[in-house]
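Student: Have a look at the structure that comes next, please.
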Amino acid sequence: MAPNGRGAAGPRCIAIVGPFQSGKTTLLEAILERTGAVSRAGRVSSGDSVGDGSAEARAHGMSIEPNVATVDFLGETMTFVDCPGSTEFLHEMRNVMPACDAAVVVCEADERKIPALEIALRELEEAGVPRFLFINKIDAATRRIRETLAMLQRASRTPLLLRQIPIWRDGIAVGFIDLALERAFIYREHAPSEVVDLPDGEGLREREARYAMLERLADYDDELMEDLISEIEPPKDLVFDDLARELKESHVVPVLIGSAERGNGVTRLLKALRHEAPSIAETRARLGVAEDGPPLAQVMKTLHMGQGGKLSVARVLRGAFREGDTVVGSRGAEARIGSLLQLLGGTTSRVGEAKAGATLGFGRLEGIATADSFAAGKARPEAVLSSAPPEPVYAVSLKVKDRKDDVRLSSTLAKLTEEDPSLLVDSRPEIGEIRLLGQGEMHLRVAVEKLSSRFQVGVETGKPKVAYCETIRLPAAARGRHRKQSGGHGQFGDVMIEVKPLPRGEGFAFQDRITGGVVPRQYIPSVETGVRDALKCGPLGYPVVDLAVALTDGSYHTVDSSDAAFQAAARLALAEALPKAKPVLLEPILSVEITIPSEALSKATGLVTARRGSYPQGIAAHV
């Protein structure tokens, strides 16, 4: 039984998030070692970690997609989802965290990482996900814990609640005092900390820090406030109840300390999660999911496992699923569960049933995508979450290395975008180019590497061509005559056209102003076809837009005229008219919204100006 009297809460799902290189994957390894899921914690630098198991992640030394690992701790099942910390892969966290019971935000006492920490905390705040803050690398910290807390508070709109204070020896943190338990612990390398008597001289510091913690908790508990005013020591059960309740209601962010690389502080973190993190019932209530109804699950991530096929990593929110069950997705797709797999990084093991709270891999759910909900039976469920993928900010052009892969490229890109909805494929037939768009250079580099390593389709990347267009500035007129004589029937077509500019964005308009039948009616569509064909490449070498072409006069031959002849005549007429109409190149103009700290305004303004950017008249920069 937990200190707050709570019993087992069913399988839990915990997201591990935080800035890039803060130690998230190392913390996952320490958790796996402490719970006995692995015999020895792997190291990211050595390439033997359970997390970051893909070739791309190990090549770049960074997480590129969520890593899922399920463990047992003191009789309870917990699934940890280690999310990438790079801003280019932030979207991966957005699909994971809403269905999690809580998040562990891994950070360190580094002021340079405060902006990245703020982004992670803001995402969790907006999703209403309860969160712990784990200050990692405490063994290398040089600041006092109060100074560190004040610095980190700048990144959080929710008050940070210090739960532990370090025990210092010769300027190094060798242990900690747990303010809720009122116990002292000394770190042991890759082992649970040792309980010791409160060191001499730490009593006053412990009492002051504990009182500050209780004072913050009392802001939301009148009974605790009365005890403090009356100078009565509150019962531990009341303190733990408050900690669990105020975490669930996001009134506070509990702060714990440790060193993931040395395995310090891991056991206390696990116990805090076990005792205080919300249950699946509480998470279901936060998401607005009814307790009654058919079994329901939420897809966090989609993977294509080579020979294993498609795997949907999903959290069961209600009921239970079994292999072979028929399910319906929130977008109407119907599928049959091919397998149920428990995940430990890249290792899977088959299970017979997926109960409420479990986070498992569901095999072969065709038509059901990341962020979709699905339910057992025939009725289509409502979507639990409504999240759109982020807008792309970077693009590369793609060209297959081997022409035999041309046919496979489109199907492979479809699988890639199913795994990662933030990727976008844009085909530009007018310039003969396929583009891949995403969140940044590294994001697209990893995607291209996946094409080669996972799907065996090699591609070359390049800088996308700019889709320039051209238009005209003045009206003009010209005649085009196509005459060709050979043995038998010849070719004859004669047209007179006028061109004039149209307002920007109007496109193309064709007018028939023929009178007296000088061009027979059956050939007028051929003239329009010839004009449209000629507009594909104007005098400056680009497609011509925003102009009107009028057919005003012409002549024909009763024997030699044909559709092909009038198409050729129209092309000749337009080729002569456009240079007279003062052609001009049109460059793409982008409207960009930039959000920056106020101290970076002058530098950002300089960068915008250097790229030929300007602020529209009458609109000021908002800081």
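The values are calculated or read from the model by the stated rules, or taken from the named source; none is laboratory data. Keep in mind it's a predicted model, so treat the numbers as computed, not measured. Every residue, glycine among them, receives a Cβ derived from its backbone with ideal geometry; neighbour counts consider all protein chains shown. To get the accessible areas, we keep the full protein, side chains included, count just its heavy atoms, and leave off ligands, DNA and RNA. Shrake-Rupley method; radii C 1.70, N 1.55, O 1.52, S 1.80 Å.
Student: Using the Karplus equation 6.51 cos²θ - 1.76 cosθ + 1.60 (θ = phi - 60°), what ³J(HN,Hα) coupling, rounded to whole Hz, does each residue of the stretch 37-47 give in order, writing x for Gly and Pro?
Tutor: Running phi through 6.51 cos²θ - 1.76 cosθ + 1.60 with θ = phi - 60° gives 5, 10, 7, 8, 5, x, 10, 4, 5, 8, x Hz.
Student: Would you mind pulling out the separation of the Cα centroids of the stretch 345-361 and the stretch 109-150, in Å?
Tutor: Comparing the Cα centres of the stretch 345-361 and the stretch 109-150, I get a distance of 31 Å.
Student: For the chain, what is the mean residue ellipticity at 222 nm derived from helices alone (per DSSP H run of n ≥ 4: -39500 (n - 2.57); sum divided by total residues; nearest 500 deg cm²/dmol)? Kindly include the intermediate steps, with their values, before the conclusion.
Tutor: Numbers: 15 runs with 169 residues, N = 623.
Calculated mean residue ellipticity at 222 nm is -8500 deg cm²/dmol.
Student: Using the membrane-span-like helix rule (whole DSSP H runs, Cα extent along the own axis of at least 30 Å, mean Kyte-Doolittle hydropathy at least -0.5), which helices of the chain qualify? Mind dumping the intermediate values first?
Tutor: Working: long enough: none.
Flagged H segments: there are none.
Student: Here is a follow-up. 5 Å is the cut-off here: which amide hydrogens, built 1.01 Å from N in the peptide plane, fall below it relative to residue 511, excluding neighbours closer than 5 in sequence?
Tutor: It is 549, 550, 551, by chain and number.
Student: Taking loop as defined by DSSP and a crowding limit of 15 other beta carbons within 10 Å, which trypsin sites (Lys or Arg not before Pro) in the stretch 394-437 fit? Don't jump to the answer; show the numbers that get you there.
Tutor: Working: sites: 399, 401, 403, 404, 408, 415, 435; in loops: 401.
Within the stretch 394-437, the qualifying trypsin sites (Lys or Arg not before Pro) (loop, at most 15 other Cβ atoms within 10 Å) are 401.
Student: So in the stretch 58-153, what percent of DSSP beta bridges are antiparallel if you round to the nearest 5? Provide the component values of the computation, followed by the final result.
Tutor: Details: 7 of 12 bridges.
So the antiparallel bridges in the stretch 58-153 amount to around 60 percent.
Student: Straight-line reach only, C-alpha to C-alpha below 29 angstrom: list the lysines that residue 484 could link to, leaving out same-chain residues fewer than 8 apart.
Tutor: Residue 484 reaches 536, 580.
Student: Using amide H atoms built 1.01 Å from N in the peptide plane, name the residues 5+ places from residue 366, or on other chains, whose amide H lies under 5 Å from its own.
Tutor: For residue 366, whose amide H was placed from the backbone, the distant partners under 5 Å are 336.
Student: Alpha carbon centre of the stretch 519-553 versus the stretch 181-256: separation in Å?
Tutor: About 80 Å separates the Cα centre of the stretch 519-553 from the one of the stretch 181-256.
Student: To check you understand DSSP bridge types, tell me what percent of the beta bridges within the stretch 124-234 (both residues inside) are antiparallel, rounded to 5.
Tutor: Details: 14 of 14 bridges.
If we restrict to bridges inside the stretch 124-234, about 100 percent are antiparallel.
Student: With the contact rule set at Cα under 8 Å and sequence spacing of 6 or more, what percent relative contact order holds for the stretch 50-192?
Tutor: It comes to 14 percent, rounded to a whole number.
Student: Sticking with this structure for a sec: Can you compute log10 of I(q)/I(0) for the stretch 455-595 with the Debye formula, treating each Cα as one identical point scatterer, at q = 0.19, 0.21 Å⁻¹?
Tutor: The computed values of log10 I(q)/I(0) come out as -1.02, -1.17.
Student: Evaluate 2.2 N^0.38 Å with N set to the residue count of the stretch 510-555, then give the Cα radius of gyration divided by it. Display every interim value, and only then the final one.
Tutor: Numbers: Rg = 12.0 Å, N = 46, 2.2 N^0.38 = 9.4 Å.
Normalised by 2.2 N^0.38 Å, the Cα Rg of the stretch 510-555 equals 1.27.
Student: Let me ask something else about it. Please list, in order along the stretch 541-552, the HN-Hα scalar couplings obtained from phi with the Karplus expression 6.51 cos²θ - 1.76 cosθ + 1.60 (θ = phi - 60°), rounded to whole Hz, x for Gly and Pro.
Tutor: Taking θ as phi minus 60°, the curve returns x, 10, x, 9, 10, 6, 8, 10, 10, 10, 8, 10 Hz for the stretch 541-552.
Student: Shifting gears a bit: Of the listed pairs 399/450; 301/415; 113/463; 271/301; 463/582, which have alpha-carbon separations greater than 20 Å here?
Tutor: Numbers: 399/450 15 Å; 301/415 13 Å; 113/463 31 Å; 271/301 27 Å; 463/582 30 Å.
Cα-Cα > 20 Å for 113/463; 271/301; 463/582; rest within.
Student: Let me ask something else about it. Taking amide H positions as placed 1.01 Å from N in the peptide plane, with prolines and chain starts having none, which residues 5 or more places from residue 77, or on another chain, fall under 5 Å of its amide H?
Tutor: When sequence neighbours closer than 5 places are left aside, the close amide H contacts are 12.
Student: Whole-Hz ³J(HN,Hα) for each residue in the stretch 75-91, computed from phi via Karplus 6.51 cos²θ - 1.76 cosθ + 1.60 with θ = phi - 60°, x for glycine and proline: what do you get?
Tutor: After applying 6.51 cos²θ - 1.76 cosθ + 1.60, I find x, 10, 8, 10, 10, 9, 10, 7, 9, x, x, 5, 4, 6, 10, 4, 4 Hz.
Student: To continue, here is another question. Mind checking which aspartates and glutamates have their C-alpha under 19 Å from residue 500, skipping anything on the same chain fewer than 8 residues away?
Tutor: Residue 500 reaches 470, 512, 528, 533, 546, 553, 576.
Student: Where both residues lie in the chain, what percent of DSSP beta bridges are antiparallel, nearest 5?
Tutor: Values: 88 of 114 bridges.
DSSP beta bridges in the chain are roughly 75 percent antiparallel.
Student: So what is log10(I(q)/I(0)) for the stretch 287-435 at q = 0.16 1/Å, when the Debye sum runs over its Cα atoms only?
Tutor: -0.88
Student: Keeping all protein chains in place, calculate the accessible area per residue for the chain (probe 1.4 angstrom), answer in Å². Please list the in-between numbers first.
Tutor: Values: 29370 Å² over 623 residues.
Here the residues of the chain average 47 Å² of exposed surface.
Student: Which of the following values of Rg/Rh (Cα atoms, Kirkwood Rh) was calculated from the structure shown: [x] 0.96; [y] 0.99; [z] 1.14?
Tutor: Correct label is [z].
Student: Rounded to two decimal places and with Rh computed the Kirkwood way over Cα pairs, what is Rg over Rh for the stretch 50-125?
Tutor: Values: Rg = 13.5 Å, Rh = 13.7 Å.
Rounded to two decimals, Rg/Rh equals 0.98.
Student: Moving on. Under the definition of Cα pairs under 8 Å and six or more residues apart, what whole-number percent is the relative contact order of the chain? Display every interim value, and only then the final one.
Tutor: Values: 1285 pairs, mean separation 65.0, N = 623.
Reported relative contact order: 10 percent.
Student: Still on this structure: Between Rg and the Kirkwood Rh of the stretch 119-220, both from Cα atoms, what is the Rg to Rh ratio? Provide the component values of the computation, followed by the final result.
Tutor: Working: Rg = 14.7 Å, Rh = 15.0 Å.
Rounded to two decimals, Rg over Rh is 0.98.
Student: Using 0.36 nm per residue of separation minus the Cα-Cα distance, give me the extension gain between residue 150 and residue 512 in nm, one decimal. Numbers along the way, then the final one.
Tutor: Numbers: separation 362, 0.36 × 362 = 130.32 nm, distance 7.52 nm.
Gain on extension, residue 150 to residue 512, equals 122.8 nm.
Student: Next question, about the same structure. What is the Rg over Rh value, at two decimals, for the stretch 425-536, using alpha-carbon atoms and the Kirkwood definition of Rh?
Tutor: Details: Rg = 22.9 Å, Rh = 19.1 Å.
Using only Cα positions, Rg/Rh for the stretch 425-536 is 1.20.
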